[in-house]
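Read-outs: derived from the displayed coordinates by stated rules, not from any lab. As the structure is a prediction and not an experimental result, all values here were calculated from the model. With ideal geometry, Cβ positions are generated from the backbone for all residues, glycine too; neighbour counts draw on all protein chains shown.
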Amino acid sequence: MRILIVDDDESLAETIREKLSKDYITDIVFSGRDAIDFAEMSSYDVIVLDSLLPDINGIEVLKTLRLRKILSPIIFLTGQASCIDKVKALNCGADDYLTKPFDFPELEARLRALLRRNSLSLKTNTLKIADLSVDIAKKTVIRGNKKIFLRRKEFELLEYLIHNKGKVLNRDMILNHVWDNPGEVTTNIVDVNIKYLRDRIDRPFEKKLIKTVYNFGYKIEA
């Protein structure tokens with residue numbers, strides 16, 4: 001699981017990252033523009049977004065992320081207890097909010113709840129791209145009228161690609177989201193599994209869906 005922490009209080013951001021590092025991969029940025037750039041370059045399971053940033057305020061960052069179709073769950077941090085601010089954040093696309101100062105166990109509990117909610121939501125969906133259909137709950141893959149058998153890791157790789165269809169994913173991003181212990185394997189395992197996946201869902205068909213972006217990584221698009 002990968003989390004983006006956006007807060008111009010560097011001490012607080014580093015503390016949050018340190019506390020989360022046992023269970024999550026975390027990135028931190030200190031400005032709104034960097035938050036937007038990072039969210040567009042990587043796929044995050046949750047974004048923790050502060051309301052007061054030195055360049056763009058949190059509400060504007062939130063609006064921009066949603067306009068650009070970045071659907072990662074967002075916890076909005078605000079130092080203002082006003083109900084208006086909370087309602088504005090929720091109306092602009094935040095999934096939850098916390099008022100500063102907060103206790104870390106509460107942040108951790110809200111993160112788990114969002115991750116759990118997002119996971120349950122994904123499992124009920126059938127993902128589609130072109131003539132390829134992936135049933136997340138039943139773990140079935142169909143292209144055209146042909147049912148395709150995938151090994152577990154190939155299925156998880158395909159699921160991650162489709163959730164980020166059209167977005168270029170580098171090997172480290174894929175490792176961190178698909179493999180349980182990414183530090184114990186090399187990035188070459190990504191290339192190997194991409195080849196296996198292509199053999200099953202692309203090679204027998206005229207239209208190829210998995211694209212190589214040379215010197216960077218892979219993407220899936222119709």
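Please report the base-10 log of the normalised intensity I(q)/I(0) for the range 13-159, using a Debye sum with one equal scatterer per alpha carbon and no solvent, at each q in 0.17, 0.20, 0.21 (1/Å).
-1.01, -1.25, -1.33
Give me a comma-separated list of calculated 3J(HN,Hα) values for the range 139-149, in order, Karplus coefficients 6.51, -1.76, 1.60 applied at θ = phi - 60°, integers in Hz, x for any Gly or Pro.
6, 10, 10, 10, 10, x, 10, 9, 7, 10, 8
With a cap of 16 neighbouring Cβ atoms within 10 Å, and only residues DSSP puts in a loop, list the GluC sites (Glu not before Pro) found in the range 161-222. Could the numbers behind the result be given before it?
Details: sites: Glu184, Glu206, Glu221; in loops: Glu206, Glu221.
Loop-located and lightly packed - Glu206, Glu221.
Roughly how many debye, to the nearest 20, is the charge dipole of the chain about its Cα centre, given +1 on each Lys and Arg Cβ, -1 on each Asp and Glu Cβ, and no other charges?
Values: 37 positive and 34 negative charges, 345 e Å.
Rounded to the nearest 20 debye, it is 1660 debye.
For an R0 of 30 angstrom, estimate the FRET efficiency from the Cβ-Cβ distance between Ala222 and Tyr196 and round to the nearest 0.05. Mind showing how you got there, number by number?
Working: r = 21 Å, r/R0 = 0.71.
Using R0 = 30 Å, I get an efficiency of 0.90.
Compute the Cα gyration tensor for the range 3-70, then decide on rounded, prolate or oblate, letting a ≥ b ≥ c be the square roots of its eigenvalues: rounded whenever a/c is under 1.5, prolate when a/b is larger than b/c in the other cases, and oblate in all that remain.
Details: a/c = 2.37, a/b = 1.31, b/c = 1.81.
Taking the square roots of the gyration eigenvalues as a ≥ b ≥ c, the range 3-70 is oblate.
For the range 90-173, take the convex hull of the Cα atoms, compute a quarter of its surface area, and give me that in nm², please.
Numbers: hull surface 32.5 nm².
Average projection, Cα convex hull of the range 90-173: 8.1 nm².
Can you give the longest stretch of the chain with no exposed loop site, where a site means chymotrypsin sites (Phe, Trp or Tyr not before Pro) in a DSSP loop (not H, G, I, E or B) with at most 12 other C-beta atoms within 10 Å? Display every interim value, and only then the final one.
Numbers: sites that count: Phe102, Phe149, Tyr214, Phe216.
Answer from the scan: 1-101.
Under a point spin-label approximation (7 Å from Cα along Cα-to-Cβ), what is the Arg151-Thr212 distance to one decimal in nm?
The two pseudo-label positions are separated by 2.0 nm.
Looking only at the chain, where both bridge partners belong to it, what percent of the DSSP beta bridges are antiparallel (to the nearest 5)?
Here the antiparallel bridges make up roughly 50 percent for the chain.
List every residue whose amide H lies under 5 Å from the amide H of Ile74, counting only residues 5 or more places away in sequence or on a different chain, with H placed 1.01 Å from N in the peptide plane.
Ile47, Asp95, Asp96
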